[in-house]
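The values are calculated or read from the model by the stated rules, or taken from the named source; none is laboratory data. All of these numbers come straight from a predicted model, not from anything done at the bench. We place every Cβ from the backbone using ideal geometry, glycine too, and count neighbours over all the protein chains shown.
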């Protein structure tokens, strides 16, 4: 069993990476934030997962748009411009002599508090900005042989409870889903919306293929996924019928192919959902649509 779509083999180069905290570089063993930081106390912050591909940050404008919109929703001032933040990320990669096959976790919290309390008005510092670049390559086993998913009891909820479109540090519902899937022996959790339709996975977006069409959820109860949106565009540009719609687990079980999308691994096949092998390609790991979309997605990245 893998550890989900983010599974990767360890890279010894990561033992000596430099991490950027508020514009200063620290060896990973020395990189620390305050116990009074809003992110540690409350999960009060936003984040992005980024890829460095041949010296370029893929889809960086889309990532910055999502990050700053999330911060605005939280009434949180990041404190620097998008361009300055992008430059800081690239400078951090340069300081690590990184060029390719790099996954970056960018985290922004509200900052340090005077006391452990949720009220933003007790924040006494500017935002905390952490940039962690690591060498990470998606597992070949995941990319070629597929994931096993398990449908969990934890739902993707209504936006008046917690807006699922916000990429915030508060991910407890996803963590609960991940735990349940792991206990069931699966790689990732498949999560339903409040109405019982398929929504998304705990850390990726979910698609099925039926009769040559690609389906994904309406998007009403999941993160505004950047890879998800790019794969939808790829389908449209390639003449593949793609639909954002409600569909049920029964339609998942009867699908020809399934796959998930995410910044780290791009397009990853799903071979099994709730103990049901998906389509005739399950024993091979992936079918023709997933193979085609993997190629189209890599071409899209190369043109960035």
Per the filter on the range 76-114, residues touching a helix residue (DSSP H, G or I) at 6+ places or on another chain (Cβ under 7 Å), over 19 Å from residue 58 (Cα atoms) and without any contact (Cβ under 8 Å) to a residue 60 or more places away in the chain are 78
Check the range 79-89 and report whether any residue there is buried (at least 20 other Cβ atoms within 10 Å of the Cβ) and either assigned to a strand (DSSP E or B) or at pLDDT below 95 (or both). no
When the residues of the range 215-261 are narrowed to those that are surrounded by fewer than 22 Cβ atoms within 10 Å (Cβ to Cβ) and touching a helix residue (DSSP H, G or I) at 6+ places or on another chain (Cβ under 7 Å), which ends up nearest to residue 280 (Cα to Cα)? 242
For the range 280-292, what are the residues that are in contact (Cβ under 8 Å) with a residue 60 or more places away in the chain and closer than 17 Å to residue 213 by Cβ? 287, 289, 290
When both residues are 6+ apart or on different chains and their Cβ atoms are under 6 Å apart, which pairs have a first residue that lies in the range 132-159 and is closer than 21 Å to residue 274 by Cβ, and a second that is assigned to a helix (DSSP H, G or I) and modelled with pLDDT of 95 or more? 150/181; 152/177; 152/180; 152/181; 154/176; 154/177
For the range 210-233, indicate whether the set of residues that are assigned to a strand (DSSP E or B), closer than 20 Å to residue 51 by Cβ and in contact (Cβ under 8 Å) with a residue 40 or more places away in the chain is non-empty. no
Residue check: is residue 73 surrounded by fewer than 17 Cβ atoms within 10 Å (Cβ to Cβ), over 28 Å from residue 298 (Cα atoms) and in contact (Cβ under 8 Å) with a residue 24 or more places away in the chain? yes
Single residue of 231, 198, 209 found to be over 17 Å from the mean Cα position of the chain (by Cα) and within 25 Å of residue 302 (Cβ to Cβ): 209
